[in-house]
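Written below as structure tokens is the structure these notes are about.
The values are calculated or read from the model by the stated rules, or taken from the named source; none is laboratory data. Remember, it's a predicted structure, so these values are computed and weren't measured experimentally. Positions of Cβ are generated from backbone atoms using ideal geometry, with glycine treated the same way; all protein chains shown enter the neighbour counts.
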């Protein structure tokens, strides 16, 4: 697999994916995206010739299109073999707190529409890799923090204004 792009690579699961993909000898190019590249200190601290850091705000169509252009130049006609949609946000919704439509829609925009927009805009590069190599993949990654259901669970069953995960200790 020559190339992989990871969204939300500035911390957490995304940063972990970057570190692991850089160890893989069969991967030639690792493209890590972050909404704010300047603030992505842990990502910027990684020194590896396979790593390319690209600014991309997953809910901003112009930002995504600009990232596609940069990634296209990086992969240089070879396409994109793996797209990992990892970028997400978690905003706890508490019934006794500040619940508003804008907060909910922001979570929906990042966690639901973002992966769709990114997959759509990077489709041409994925198709290019599939034609050259026989396949290309999209992986949509999430955690409890990226789940609207978890935010609603917190709203319905608050635990002293702390996050409540019924399945954890």
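In a loop (DSSP other than H, G, I, E, B) and surrounded by fewer than 18 Cβ atoms within 10 Å (Cβ to Cβ): does that describe residue 97? Taking the combined requirement at face value, the residue satisfies it. The range 8-85 holds helices (runs of 4 or more DSSP H) entirely within its bounds, and those carrying 1 or more residues that are under 20 Å from residue 119 (Cβ atoms) map to 12-23, 61-75. Screening the candidates 132, 126 for the property of being out of contact with any strand residue (DSSP E or B) (no Cβ under 7 Å at 6 or more places or on another chain), part of a helix (DSSP H, G or I), within 12 Å of residue 80 (Cα to Cα) and modelled with pLDDT of 95 or more yields one hit, 132.
To keep it simple, each residue is scored yes or no on (1) at pLDDT below 95; (2) in contact with a helix residue (DSSP H, G or I) (Cβ under 6 Å, 6 or more places away or on another chain); (3) surrounded by fewer than 17 Cβ atoms within 10 Å (Cβ to Cβ).
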site	(1), (2), (3)
48	no, yes, yes
52	no, yes, no
66	no, no, yes
71	no, no, no
79	no, yes, no
